[in-house]
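The structure under discussion appears below in the form of structure tokens.
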Amino acid sequence: MIKRHYCVLGSVFFAGALVGASPKTSLAQSKDFAKQFNGKRVTIIVPTSPGGGYDTFARMVAQYVGKYLPGNPKFLVKNIPGGGQLRGLRTTLKSRPDGLTIGLLHPRFVQRELAGVDVPDFDLKTVRVLGTPSAVRRPRIWCVRRSIASSWDEIVKLGRPLTSGGDQPGASFGLGPQFVEALGGPIKMVYGYSGTSEIMAGFDRGETEGVDRCVEENVPRLFPGWIKNKFVAPIFWWEAEPSADWLGRLGTSGKIPNIHEVMKPNDDQKNAFEVANHFLVFSRIFVTPPGVADNVYEAWRTAFEQTTRDPGFLKAADVAGLDVGLGTAEDFKNSLSKFQKLTPDGRKLFKKLVGQ
């Protein structure tokens, strides 16, 4: 079950602050193994500036993960921004593989490697993934003006594509309509908007006919009139099914179809979409450098997973409102395996979906 959580910022969260761990540990490790961490300082490299989701999650992990590692290590969170997070990632991957350095990996680098674009110092065959604390599937909905259509069948009968705004190919919100366009469906993506507010404003002004931001996290805050005036008609969803309550607030009773129901993709196309979507959901990936010993890696992986279930971690996260959902190393591996099974056409579609 996915719960909504966040972390409470305290003195532990100042950039560069050392964090003392609780002496308790749930790992039954030998005294010799405990020496690996005993009295040592563990560095967590954040590839962004202080503040924001990557930095906050790193500091949350720093505060709680020591309870589940032997030796009571201390933690230093080190911010190394630059190069769209590549500078910090490369620093992590080139660190000594002694278990005393971990870092964060943005899923865009995974997508690039799978699409055949080389990322310096990054190799999917050698990177050791611990997991992510923020693998949260969210409702994604594509809507159109209710004056144009109120269902997929009505859109098909129009006999022409409807425009839908986006910032760039491969974005998490825009993946649904982008997939429809890639399969020859009646949507034409228009890129160049700077973000959610501009995309929604362009739709509201009539620049585009469809919008992929008609979800509960955005509409009440930015365009509440869409609810009051029943301005938009939800057409299809992907990633997570929207609630009947939210659809009702938009003026639609009952359910709306999933994207696969309206497009009827073959298995290869469906898998390409699911893999592309997975590496948008599977964000803020914690990794160790390549070459870390198996027993050290397993201790870290177990400790990381236990941390995401820690009552203190969850309570602190809940207070500040950040979503927590554990994505495991096995989940990561399974998606890579699904990608490997794609046909050449499936890989070509995947590459297009992730904007490469």
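The values are calculated or read from the model by the stated rules, or taken from the named source; none is laboratory data. The structure presented is a predicted model; accordingly, all values stated were derived computationally and were not measured. When we count neighbours, we look across all protein chains shown, and the Cβ atoms used for this are built from the backbone with ideal geometry, even at glycine. Ligands, DNA and RNA are excluded from the accessible area calculation, which covers all protein heavy atoms including side chains. Shrake-Rupley method; radii C 1.70, N 1.55, O 1.52, S 1.80 Å.
A few remarks follow.
- Amide proton proximity set for Ile235, modelled H, under 5 Å, gap of 5+: Trp142, Cys143, Val144
- Choice from Arg145, Arg249, Arg108 with maximal GNM fluctuation in the chain (Cα, 10 Å cutoff): Arg249
- Stokes-Einstein diffusion for the stretch 218-356 at 20 °C, viscosity 1.002 mPa s, with a Kirkwood radius from C-alpha pairs, works out to 115 µm²/s.
- Taking 20 Å as the cut-off, the amide N atoms of the stretch 170-195 that come nearer than this to a point 7 Å along the Cα-to-beta-carbon line of Thr343 belong to 179-185.
- Residue with peak Gaussian network fluctuation, the chain [Cα springs, cutoff 10 Å], from Asn79, Asn271, Asn38: Asn38
- For the pair the stretch 166-210 and the stretch 146-161, the centres of their Cα atoms are 17 angstrom apart.
- Ranked by how many other beta carbons lie within 10 Å on average, peptides 58-65, 276-283, 259-266 from highest: 58-65, 276-283, 259-266
- Built from the Cα atoms of the stretch 135-280, the convex hull projects on average onto 8.1 nm², one quarter of its surface area.
- The share of alpha-carbon pairs in the stretch 151-237 lying farther apart than 19 Å comes to 34%.
- The Cα atoms of the stretch 213-254 give a gyration tensor whose axes a ≥ b ≥ c have a/c of 1.5 or more with a/b no greater than b/c, which makes the shape oblate.
- Alpha-carbon Debye profile of the chain, log10 I(q)/I(0) at 0.07, 0.10, 0.13, 0.15 Å⁻¹: -0.34, -0.67, -1.03, -1.25
- Taking the helices alone, the chain has a mean residue ellipticity at 222 nm of -10500 deg cm²/dmol, built from -39,500 (n - 2.57) per DSSP H run of at least 4 residues and averaged over all its residues.
- Diffusion constant of the stretch 78-170 at 25 °C, which comes from Stokes-Einstein with the Kirkwood Cα-pair radius and 0.890 mPa s, µm²/s: 142 µm²/s
- When the Cα atoms of the stretch 292-356 are aligned to their principal axes, the ranges along those axes come out at 47, 34, 16 Å in descending order.
- Over all Cα atoms in the stretch 27-147, the spread is summed up by Rg and Dmax: 17.6, 71 Å.
- Exceedance of the 18 Å cut-off in Cα-Cα distance is limited, within the set Lys230/Lys264; Lys40/Lys125; Lys40/Lys78, to Lys230/Lys264; Lys40/Lys125.
- Considering only Gly83, Gly254, Gly53, the mean-square fluctuation computed in a Gaussian network model of the chain, springs between alpha carbons under 10 angstrom, is largest for Gly254.
- Violating pairs (Cα-Cα greater than 24 angstrom) within the set Lys74/Lys315; Lys94/Lys338; Lys157/Lys188; Lys67/Lys338: Lys94/Lys338; Lys67/Lys338
- For the stretch 88-207: accessible area per residue (Å², 1.4 Å): 41 Å²
- Between 0 and 90°, nearest 10: helix 294-307 axis offset from the chain longest Cα axis: 60 degrees
- FRET efficiency estimate (nearest 0.05) - Cβ-Cβ, Asp294 to Ser194, R0 56 angstrom: 0.80
- Once divided by 2.2 N^0.38 Å, the Cα radius of gyration of the stretch 93-135 becomes 1.23.
- Legend: translational diffusion of the stretch 66-111 by Stokes-Einstein, Rh = Kirkwood radius over C-alpha pairs, 20 °C, 1.002 mPa s; D = 176 µm²/s.
- Loop-located chymotrypsin sites (Phe, Trp or Tyr not before Pro) in the stretch 304-356 whose Cβ has at most 10 other Cβ within 10 Å (DSSP): none
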